[in-house]
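Contents: one structure, followed by commentary.
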Amino acid sequence: MQLEAALETARVGHGQFVLVSGEAGIGKTALVDRFVQTNGDSTRVLRGYCDPLLTPSALGPLLDITRDLGSDLSMDIDGDRRASAIFARFLAILTELSKPALLVVEDIHWADEATIDLLKYLGRRLDGARVLMIATFRDDEVRRHDGLRFLLGDLATTRNVERLELARLSRDAVSSLAGGRVADVDGLFRSTGGNPFFVTEVVANPAAEVPATVRDAVLGRVARLGPEGRRLLDRAAVVGARVDYELLEAVAGPDGTGLSECLAMGILQDLGHCLAFRHELARNAVLEAVDPLRRRALSREVLAAAIQAGFADKGLTARLAHYAESAGSAPDVIRYGTAAGQTASSLGAHKEAAAHFRAVLRFSEGQGSAERARISAAYARECAVLDWLPEAIEAYRMAVELWGDCGDRTRQGEALSLLAWPLVRHGANAEADEIAQQAIALLEPLGPSRELANAYRTHAHLRMLDRDCGRAVEIGGKAMSMAADLDDMATLAGAEMVVGAAKLVTDDREGRAHLDRCIEIAQAGRLHEVVALARMNIGTSYGEQYHLAEAEDELIDGIDIAREHDLDHSGHYMASWLALTHMFQGQWDKTAALCDDLLAQPNLAAISRIMALVALGRIRVRRGDPGAPEALDEALHLAKRTSTLQRLAPVHAARAELAWFAGDPKQAAAEARQVFELAERRRHAWHTGEMLFWLKRAGETVPDIDWIAPPYARQIAGDWEHAAALWRQRGCPFEEARALADGTEAARLRALEIFDGLGAAPAAAALRREMREAGARRIPRGPRSSTRLNPFGLTNREMTILGHLVDGLTNAEIGNALFISPKTVDHHVSSILSKLGTPSRRDAAELALREGMAPQNGDA
């Protein structure tokens, strides 16, 4: 059995994580219950549950588990401790247990963001621990839960993570489960589809006809209860999937009239520490049968009982907020929703925090402007973290207006500064810059303050992003000075980072000292995200200045830091720049693999997506692979929204190269002109040089600018030999070969050798054609197919998908298997058909079988 094997592996110190999935009622909990009963004596069983609340409770399952552990970890969860510290402490507790740990988290399709982060954290770090972690979820809920989908994709290649997918019962299994109590087994099998829960509900309440739905089957059993049993069951359904004894006594009376009947009929189960519905499907059926007005009244009863039972002191504010919202009690929604939102935010459960604050805003109509401004700003912050940019912008604008109504200019200025960031990420850079200046104009007359220092830092950052680096250093210096005077270390670290990046991106090595100071301050304050951002700025600045070896080292170190602290946003952006770095270094297989992984990530930030698409588009251009125009079209669409040189220059440079190899020099020149003036105005040596290079290559007369990057300057001047040497020093083989191709026949032969080694088929073909036209002899023929098993140059991902085509899977099925979208699968399939030269999926599959390629299915 898969679970038994995983447990044996975990017992010897190689922790395992098994994800048990299947539809509702398929038997996930029953399977886990039996496994726990079998192995409970030899392990320490820890069990947590995700409840179907209106807004899930942050780290709700961990709160359940801490009660089993007898640990004070719940105080950290309900306090101000960072999620990463809580996760590390919990892992330490698990590893120190005297017995192997059997950790079960039920129904993670209802999990909050912080719980998903916890599972990801543990999944990456279980090796070396005597822990078997089991998580159950409904597979038909995955597409509706971005966090769960991301978790599955993130852990898909982790070696200690397994999937266990439960299937429906066969006809014979249904017959066995019915045990002769149903005459028409075939009808039972057809009607229930082999769903075990549906089958057992029908068997428990035999009728002349099999009920049409699970709900009908459950209500058929419920109908046999007496009035007291039904009264208690309705209240239990309002309480939740699991029912605390104390709460049930408060709403149903101390004698629990009707409870024994519910237990005897099997609708409720006694778990020892609480009562529970046999399945959430049963609870839903009961709850839906209660009319809305009565449900609201029952929710008021439950809310009052939960408050009396001290749920707030137990860290259960999310449940109180759930009952308050169901009861329509505005004061209690405001009180407990605000508290639950703050707790969720501190633990990284930002979706849940946003949902709480949104509910509080909805129920706070008529409250004072200051209170609504605070909640609006809190909601905006959570939306900004989640990249819900329109919502963040609207909420920050509301906060700005409300603080203005209160006459609080300090808070109004602070809200304006915060509004700038979602505007930037939404592509409204010009408006963001204007907003930042408004914040400074509002705050400066009030004198030095943390809010003003942060406003300076924000404006400096915006100037740096647009590569207006002189102004960025000037304004950033003001932020540094004021933050230091006010002992505002967080703003000081951010300002040091901005000034350092502005200097380093112009190849001023003094910038590194500022960034190192930022890292020192951030490490002292345990500001892990700022440390990762500083590393990101160092690596990307080196990359933008073509210090590729240094960029590679810094980016790899930065990605490790981001992974250690689960800072995926920073990690993804650094990975996109690492892909670009590998592209320039000629490591194109690494580039493709990185881009495939990045672009398959759900909710990838636009800036990461742009750079990954540029890297992918350029290697497709240079290899002659299909899909380059589509990748670079999407990159341009995203980059245009930013209006910044930082994004536009790489995209237009790649598109100029695409046009050149498509035989359209006019379009190549047009792409270069799109960004040349901005690059020149910002005095960016590399971007200006590259645009001049493409204009010159397209046959245009170009101005003599003496400060452009030396490799481009020498090649534009016709000094191909010096240019090639400079590119070789930078570690850029394609660019070196491109310079050599302008030289002597010997130089051109060397260029061919480099192009062929890289797999740069279009450049090699063009050079061979030019050499033949020039009368050159003994031109090398070029490389043959790489291997017999993959003679068509498919990427690892394409080989995987080709294997699925052989198996006859649809795009949707392939997407589910690989955790990527059907649209992404369609793109890969188009590329496969193009490379194989086959007109259809069926023809591709037949060719793969004929050529012996199918057995390679799997990512290398």
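The values are calculated or read from the model by the stated rules, or taken from the named source; none is laboratory data. Predicted model only: the values in this text are computed from it and were never measured. Every residue, glycine among them, receives a Cβ derived from its backbone with ideal geometry; neighbour counts consider all protein chains shown. Ligands, DNA and RNA are excluded from the accessible area calculation, which covers all protein heavy atoms including side chains. Shrake-Rupley method; radii C 1.70, N 1.55, O 1.52, S 1.80 Å.
For this structure, a couple of remarks:
- Matching residues, the stretch 11-64, being open to solvent by 10 Å² or more (accessible area, probe 1.4 Å), farther than 25 Å from D112 by Cα and β-branched (V, I, T): V12, T38
- Here P100 clears all of (1) modelled with pLDDT under 85; (2) more than 21 Å from Q342 (Cβ to Cβ); (3) open to solvent by less than 30 Å² (accessible area, probe 1.4 Å); (4) of a type outside the set (A, V, I, L, M) except the condition numbered (1).
- Top-ranked residue of the stretch 375-391 - restricted to ones that are at pLDDT below 95 and not hydrophobic (A, V, I, L, M, F, W, C), ranked as most open to solvent (accessible area, probe 1.4 Å): R381
- Complete set of residues in the stretch 512-539 that are surrounded by fewer than 21 Cβ atoms within 10 Å (Cβ to Cβ) and basic (K, R): R512, R517, R526
- The stretch 393-412, residues that are touching an Asp or Glu at 6+ places or on another chain (Cβ under 8 Å) and either assigned by TED's automatic domain parsing to the domain that holds M464 or within 27 Å of L645 (Cβ to Cβ) (or both): none
- So E261, is it farther than 30 Å from E371 by Cβ, out of contact with any strand residue (DSSP E or B) (no Cβ under 9 Å at 6 or more places or on another chain) and either hydrophobic (A, V, I, L, M, F, W, C) or outside the structural domain of I26 (by TED's automatic domain parsing) (or both): yes
- Matching residues in the stretch 278-320 - criterion: being closer than 29 Å to E201 by Cα, assigned to a helix (DSSP H, G or I) and either open to solvent by 10 Å² or more (accessible area, probe 1.4 Å) or in contact with a Ser or Thr (Cβ under 6 Å, 6 or more places away or on another chain) (or both): E280, L281, R283, N284, L287, E288, P292, L293, R294, R295, R296, S299
- Options E371, E394, E365: the member that is among the acidic types (D, E) and either modelled with pLDDT of 95 or more or buried (at least 18 other Cβ atoms within 10 Å of the Cβ) (or both): E394
- Residue tally, condition open to solvent by 20 Å² or more (accessible area, probe 1.4 Å) and within 12 Å of the chain's Cα centre (by Cα), over the stretch 562-596: 5
Residues are listed down the side, and each one gets a yes or a no for (1) open to solvent by 20 Å² or more (accessible area, probe 1.4 Å); (2) touching a residue at least 24 places away in the same chain (Cβ under 8 Å); (3) in the same structural domain as E510 (by TED's automatic domain parsing); (4) among the hydrophobic types (A, V, I, L, M, F, W, C):
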position	(1), (2), (3), (4)
E414	yes, yes, no, no
R425	yes, yes, no, no
N454	yes, yes, yes, no
M464	no, yes, yes, yes
M480	yes, no, yes, yes
A483	no, yes, yes, yes
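- Residue within the stretch 642-650 that is without any contact (Cβ under 8 Å) to a residue 24 or more places away in the chain and either under 31 Å from the mean Cα position of the chain (by Cα) or open to solvent by 40 Å² or more (accessible area, probe 1.4 Å) (or both) present: no
- In this structure, R168 qualifies as out of contact with any Leu (no Cβ under 9 Å at 6 or more places or on another chain), crowded, with 19+ Cβ neighbours inside 10 Å and over 22 Å from R44 (Cα atoms).
- Residue list for the stretch 1-39, filter: within 22 Å of F137 (Cα to Cα), out of contact with any strand residue (DSSP E or B) (no Cβ under 7 Å at 6 or more places or on another chain) and of a type in the set (G, A, S): A5, G25, G27, A30
- Inter-residue pairs, beta-carbon under 6 Å, first open to solvent by 70 Å² or more (accessible area, probe 1.4 Å) and in the stretch 692-706, second β-branched (V, I, T) and part of a helix (DSSP H, G or I), 6+ apart: K696/I716
- Filtered by the rule that a residue be free of Cβ contacts under 8 Å to residues at least 40 places away in the same chain and either more than 21 Å from R143 (Cβ to Cβ) or surrounded by 23 or more Cβ atoms within 10 Å (Cβ to Cβ) (or both), the stretch 599-611 gives S608, M611.
- Residue within the stretch 736-743 that is in contact with a Gly (Cβ under 7 Å, 6 or more places away or on another chain), open to solvent by 10 Å² or more (accessible area, probe 1.4 Å) and among the aliphatic types (A, V, I, L, M) present: no
- Of the residues making up the stretch 253-265, just one is crowded, with 18+ Cβ neighbours inside 10 Å and either closer than 25 Å to C50 by Cβ or of a type in the set (S, T, N, Q) (or both), namely C262.
- Condition broken by A760, with the remaining ones in (1) out of contact with any Leu (no Cβ under 6 Å at 6 or more places or on another chain); (2) touching a residue at least 24 places away in the same chain (Cβ under 8 Å); (3) closer than 26 Å to V702 by Cα; (4) not basic (K, R) satisfied: (3)
- Selection within the stretch 130-165: residues that are among the small types (G, A, S) and part of a helix (DSSP H, G or I). The member of this set that is surrounded by the fewest Cβ atoms within 10 Å (Cβ to Cβ) is G153.
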